[in-house]
Amino acid sequence: MNPAPRPYTLVAELTYACPLHCVYCSNPVDFTRHKDALDTADWRRVLREAEQLGVVQVNLTGGEPLLRPDLEEIIAEARALDLYTNLITSGIPLERERLERLRRLGLDNVQVSIQDARPAGSDRIAGREAFDRKLEVARWVKELGFPLTMNTVLHRENLDHIGEVIALAEELHADRLELANTQYLGWALLNRSALLPAAAQLERARSIAGAAKARLEGRMEVVFVIPDYFVEVPPACMDGWGRRFIVVSPDGLLLPCLLAHTLPGLSFGSVREQSVGQLWTSSPGMEAFRGEGWMPDPCRSCARRGIDFGGCRCQAFHLTGNAAATDPACSLSSDHVLIEAARSEGAPRGPDLATLRYRAPRPAPAR
Amino acid sequence: MIATSGKPSLAAKARLRFDRATGGYLLLYPERGLALNPTAASILKLCNGELTVDGIVERLQGEYADRPGPELRQDVIEFIEEMARRGLLQVPA
């Protein structure tokens, strides 16, 4: 039995519905199985109970949180609890009047995803025409006095445009720019051979981002996240299982990360039936990989076990079939060959656009 | 270097929050947070866009009467510079 630490951040996935069809969506591949099951009162209670446990930040996300007609009431509750409230959105569908309303309710920060600095590339990844509207929304965000986070997910098709992505963030006066490389789970794993970059391409982009970070210090926070596939030791996924983050899925499951409900044999429990505190402390799923007791070799004797917590359980499962294996991203993992083999697929294959599998259900392809 | 005649204020993305669990203050910003020691919290509470850096030092001198003035001033300036470097404080020239 491991004592449950204090959670700091609640990731509230208000719905898996989304007008976009991004090929690397972080929602589960079988997201349509998970219906929106929490009503306004449920979400308000989840916020209250999370705050009681020590949570001070909430990320309102999805899917697309704007699709919830009760987003206003949820934000009002979050602010009444003095939670730092961040809306993570595609910017679609949003009218300026609604954004003004969210501002008045005390929303703290707006994060807008922009899939590429080039309209065609952005719309191709999103699976619909959205780029121009996103820029308009990002401008409203700043005009209304919000801080703006711009998030661009990086992959083989846009890594070479990173300089343009940074220039766009500057033009939009973003306060924070997240240059988050695709992590190959869920939809992104299905599209891995089309999205995974070559090492040299990634390195060039990293160096450009590093220079921008230094140049923009104090004005724009630039965060460049390397894909796990190109590190020798894994990062601390979610800062460790059940350690800092509470994720609540649209159907009410209390999870340690965005995809834990894709792991077989784990029982997480729903916030409709138990309190956030009960589930956080003692649901079997939350306890499964908390602390170090579950760790196999080489993790259990590794000097980094308190730093990376064994890496990502979902990556371990989806690559090896065993959620309790050492993350294959780690060079000490006996399954690391799987990562090395995938990397060799990441070599550029000429100018042809790769075939992408879009997050479904989606309308006709946008090409 | 910051201008000590400048009037620091919290960046738009940053917010101070009292933390019941510890009795201290947190500085929250997107995806992050800093647990502040009492001195840091005292300084940031005075970064309201109305007081100059020197004005902040003056206010703090009352609270930290045992600290020699020049030393306190230096500490406050260094802290404000560090927070500006992190983009958490704005200090107009």
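Residues that are within 14 Å of chain B (Cβ to nearest Cβ), open to solvent by less than 20 Å² (accessible area, probe 1.4 Å) and either part of a helix (DSSP H, G or I) or modelled with pLDDT under 95 (or both) within segment A:127-184 comprise A:Val141, A:Ala169, listed in sequence order.
Restricting attention to segment A:9-62, the residues being in contact with a helix residue (DSSP H, G or I) (Cβ under 8 Å, 6 or more places away or on another chain) and within 24 Å of A:Glu157 (Cβ to Cβ) number 12. Taken as a whole, segment A:230-238 holds at least one residue that is open to solvent by less than 50 Å² (accessible area, probe 1.4 Å), more than 30 Å from A:Gly277 (Cβ to Cβ) and at pLDDT below 95.
Among the residues making up segment A:52-104, those that are touching a Gly at 6+ places or on another chain (Cβ under 9 Å), buried (at least 21 other Cβ atoms within 10 Å of the Cβ) and either at positive phi or within 12 Å of chain B (Cβ to nearest Cβ) (or both) are A:Val56, A:Gln57, A:Tyr84, A:Thr85, A:Ile88. Taken as a whole, segment A:22-30 holds at least one residue that is away from chain B (no Cβ under 14 Å), under 12 Å from A:Pro250 (Cβ atoms) and at pLDDT 95 or above. Is it fair to say B:Ala14 is within 10 Å of another protein chain (Cβ to nearest Cβ) and either polar (S, T, N, Q) or surrounded by fewer than 19 Cβ atoms within 10 Å (Cβ to Cβ) (or both)? In short, no.
Criterion first (touching a residue at least 12 places away in the same chain (Cβ under 8 Å) and open to solvent by less than 10 Å² (accessible area, probe 1.4 Å)) does A:Val110 satisfy it? Yes, satisfied. Filtering A:Leu258, A:Leu319, A:Leu332 for residues that are at pLDDT 95 or above, closer than 21 Å to A:Val46 by Cβ and aliphatic (A, V, I, L, M) leaves a single hit, A:Leu258. The single residue among A:Ala4, A:Ala17, A:Ala41 that is out of contact with any strand residue (DSSP E or B) (no Cβ under 6 Å at 6 or more places or on another chain), farther than 27 Å from A:Leu185 by Cα and either within 14 Å of chain B (Cβ to nearest Cβ) or open to solvent by 20 Å² or more (accessible area, probe 1.4 Å) (or both) turns out to be A:Ala41. When A:Arg359, A:Arg349 are checked against the criterion of being open to solvent by 50 Å² or more (accessible area, probe 1.4 Å) and either at pLDDT below 95 or not charged (D, E, K, R) (or both), a single residue qualifies: A:Arg349.
The residue that is nearest to the other protein chains (Cβ to nearest Cβ), among those in segment A:108-126 that are assigned to a loop (DSSP other than H, G, I, E, B) and over 16 Å from A:Gly63 (Cα atoms), is A:Asp108.
For segment B:17-34, taking the residues that are within 11 Å of chain A (Cβ to nearest Cβ) and over 23 Å from B:Val91 (Cβ atoms), the one that is surrounded by the most Cβ atoms within 10 Å (Cβ to Cβ) is identified as B:Glu31.
Name the single residue, out of those in segment A:189-244 being within 26 Å of A:Ile166 (Cβ to Cβ) and among the β-branched types (Val, Ile, Thr), that is farthest from the chain's Cα centre (by Cα).
A:Ile208
Taking each residue of segment A:187-210 that is within 24 Å of A:Leu20 (Cβ to Cβ) and looking for partners that are open to solvent by less than 60 Å² (accessible area, probe 1.4 Å) and of a type in the set (Lys, Arg) with beta-carbon atoms closer than 7 Å, six or more apart or interchain, yields A:Trp187/A:Arg359; A:Leu195/A:Arg156; A:Leu196/A:Arg156; A:Pro197/A:Arg156.
Pairing each residue of segment B:77-89 that is within 19 Å of B:Leu26 (Cβ to Cβ) and more than 10 Å from chain A (Cβ to nearest Cβ) with any residue that is of a type outside the set (S, T, N, Q) and open to solvent by 20 Å² or more (accessible area, probe 1.4 Å), provided the two are 6+ apart or on different chains, yields C-beta distances under 7 Å for B:Ile80/B:Ile2; B:Ile80/B:Val91. Being touching a Cys at 6+ places or on another chain (Cβ under 9 Å) and closer than 26 Å to A:Glu221 by Cα is true of B:Lys7. Scan segment A:262-289 for residues that are assigned to a helix (DSSP H, G or I), hydrophobic (A, V, I, L, M, F, W, C) and open to solvent by less than 20 Å² (accessible area, probe 1.4 Å) and the total you get is 4.
If the condition is being touching a helix residue (DSSP H, G or I) at 6+ places or on another chain (Cβ under 7 Å) and open to solvent by less than 60 Å² (accessible area, probe 1.4 Å), then segment A:211-225 contributes A:Ala212, A:Gly218, A:Met220, A:Val222, A:Phe224.
Take A:Val46 and decide whether it is open to solvent by less than 10 Å² (accessible area, probe 1.4 Å), away from every other protein chain (no Cβ under 14 Å) and touching a strand residue (DSSP E or B) at 6+ places or on another chain (Cβ under 7 Å). Yes, satisfied.
The values are calculated or read from the model by the stated rules, or taken from the named source; none is laboratory data. Just so it is clear, the model here is predicted, and its values are computed rather than measured. Backbone-built Cβ (ideal geometry, glycine too); neighbour counts: all protein chains shown. Just so you know, the surface numbers come from the protein's heavy atoms only, side chains and all, with ligands and any DNA or RNA stripped out. Shrake-Rupley method; radii C 1.70, N 1.55, O 1.52, S 1.80 Å.
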